[in-house]
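Undergrad: Attaching a single structure in structure tokens format; questions to follow.
Rule-based calculations on the coordinates, nothing more; no lab input. Every value quoted in this text rests on a predicted model; they were computed, and no experiment measured them. Positions of Cβ are generated from backbone atoms using ideal geometry, with glycine treated the same way; all protein chains shown enter the neighbour counts.
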Amino acid sequence: MARYTPPVQSKSAQIFDIVFVVGAIFVALWLPLKLGLAGAAKAIDKIDSPTWETLGQNATMSGIWEKLGYTPETAHDIIQNRFHYVIDWPTLIVMAAVLIGYFVFLFRASDKEFRDVIAEKFDEKS
């Protein structure tokens, strides 16, 4: 029985694959930042005259803030800087459809390749 030998990929095709994958990863991480989709829900909840109590800090916490050199006014933006999570349903549905489509494609392509290898390996006996 002949051993299966996978197709050989040229060095230039390997380099293209590497550059393409690194570029795709870069774009996938950079594009949401550039479009303002990442961290867009982050906002500072303003308090007019902040005190440690209105900022939700107990005595121990306020003591630590003061040891670090902060006052309620200077610590205000740090403490009140929060994420407000809002689900954008159309974007979530589109993302889910793209992921499901990708996995369907991936499984079908893998199944075809698997069947080709099995046919090549074992159909010679028949």
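Undergrad: For residues in segment 43-71 being among the β-branched types (V, I, T) and more than 30 Å from P32 (Cα to Cα), which is surrounded by the most Cβ atoms within 10 Å (Cβ to Cβ)? First the steps, then the outcome.
TA: Within segment 43-71, the first condition is being among the β-branched types (V, I, T), and the residues that meet it are 44, 47, 51, 54, 60, 64, 71.
Subset that is more than 30 Å from P32 (Cα to Cα): 47, 51, 54, 60, 64, 71.
Values: I47: 15, T51: 13, T54: 13, T60: 8, I64: 11, T71: 13.
If we take residues in segment 43-71 being among the β-branched types (V, I, T) and more than 30 Å from P32 (Cα to Cα), then I47 is surrounded by the most Cβ atoms within 10 Å (Cβ to Cβ).
Undergrad: How many residues does segment 77-126 contain that are closer than 30 Å to E53 by Cα and part of a helix (DSSP H, G or I)?
TA: So the count comes out to 3.
Undergrad: Next question, about the same structure. Could you check, for segment 45-63, whether at least one of its residues is assigned to a helix (DSSP H, G or I), out of contact with any Asp or Glu (no Cβ under 9 Å at 6 or more places or on another chain) and of a type in the set (V, I, T)?
TA: Yes, because at least one residue in segment 45-63 is assigned to a helix (DSSP H, G or I), out of contact with any Asp or Glu (no Cβ under 9 Å at 6 or more places or on another chain) and of a type in the set (V, I, T).
Undergrad: Can you tell me which residues in segment 72-97 are exposed (fewer than 10 other Cβ atoms within 10 Å of the Cβ) and without any contact (Cβ under 8 Å) to a residue 12 or more places away in the chain?
TA: Within segment 72-97, I87, W89, P90 meet the criteria.
Undergrad: Any idea how many residues of segment 1-12 are farther than 30 Å from D123 by Cα and either surrounded by 10 or more Cβ atoms within 10 Å (Cβ to Cβ) or hydroxyl-bearing (S, T, Y) (or both)?
TA: Matching residues across segment 1-12 total 1.
Undergrad: Of (1) under 30 Å from the mean Cα position of the chain (by Cα); (2) polar (S, T, N, Q); (3) more than 30 Å from A119 (Cβ to Cβ), N58 satisfies all except one. Which?
TA: (1)
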